[in-house]
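Structure, as structure tokens:
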Amino acid sequence: MKTEINIYILLSIIFIHWIGDFVLQTDRQAKEKSKSNYYLTMHVLSYSLVWFFACLVYIKVFGVYVSGEGVYYLMPNARNILWFPVITFVCHWITDFFTSRINSRLWADGKVHLFFVSIGCDQILHYVQLILTFQLLN
């Protein structure tokens, strides 16, 4: 049984991404991730931990149930969803490695419009990765 992306899953992906990528990103991480792989990694680690906990909730709600005879999976590959934060960590790190450096240069050069265009592109890349990874693992 394949779980399709429905409006609730899509909205959840958008909301969880916003929490991890914006709300939990510290001011220092935002400013330093373009120059320091340490701050980039700390940002992506906290971002991925949000996804790890979201995946645990997803499994609890959609994936498994336990009976007296054992554990049953409503989705044949429910455990695969735990790969989601791992794949997301790698993809998010690579994306932000490049986009944060591009964005900091655009900002420093006073190219405000191109800076925001680039931020938008960064977000599209993240959403595409999240949706494709969800589809791949389900």
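The values are calculated or read from the model by the stated rules, or taken from the named source; none is laboratory data. Computed from a predicted model, the values in this text were never measured in an experiment. Backbone-built Cβ (ideal geometry, glycine too); neighbour counts: all protein chains shown. Accessible surface areas use protein heavy atoms only, side chains included; no ligands, DNA or RNA. Shrake-Rupley method; radii C 1.70, N 1.55, O 1.52, S 1.80 Å.
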Inset, instruction - Keeping to segment 89-125, report how many residues are charged (D, E, K, R) and outside any helix (DSSP H, G or I). - result: 2
Inset, instruction - Return the only residue of VAL128, VAL86 being within 22 Å of TYR39 (Cα to Cα), assigned to a helix (DSSP H, G or I) and open to solvent by 60 Å² or more (accessible area, probe 1.4 Å). - result: VAL86
Legend entry - Unmet requirement for VAL61, which otherwise passes all of (1) at pLDDT below 95; (2) in contact with a helix residue (DSSP H, G or I) (Cβ under 8 Å, 6 or more places away or on another chain); (3) β-branched (Val, Ile, Thr): (2)
Legend entry - Residue in segment 33-47 that is nearest to GLY20 (Cα to Cα), counting only those that are surrounded by fewer than 20 Cβ atoms within 10 Å (Cβ to Cβ) and hydroxyl-bearing (Ser, Thr, Tyr): SER46
Legend entry - Output for segment 108-118, where each listed residue is surrounded by 14 or more Cβ atoms within 10 Å (Cβ to Cβ) and under 21 Å from TRP18 (Cβ atoms): PHE115, SER118
Legend entry - Contacts under 8 angstrom Cβ, first residue in segment 103-114 being among the hydroxyl-bearing types (Ser, Thr, Tyr), partner exposed (fewer than 14 other Cβ atoms within 10 Å of the Cβ) and part of a loop (DSSP other than H, G, I, E, B), 6 or more apart: SER104/LYS35
Inset, instruction - Look through segment 69-83, keep the residues that are in a helix (DSSP H, G or I) and modelled with pLDDT under 80, and return whichever of them is surrounded by the fewest Cβ atoms within 10 Å (Cβ to Cβ). - result: ARG79
Inset, instruction - For segment 1-47, enumerate the residues that are under 11 Å from the mean Cα position of the chain (by Cα) and aliphatic (A, V, I, L, M). - result: ILE13, ILE14, ILE16, ILE19, VAL44, LEU45
Inset, instruction - Determine whether VAL66 is aliphatic (A, V, I, L, M), open to solvent by 60 Å² or more (accessible area, probe 1.4 Å) and modelled with pLDDT of 90 or more. - result: no
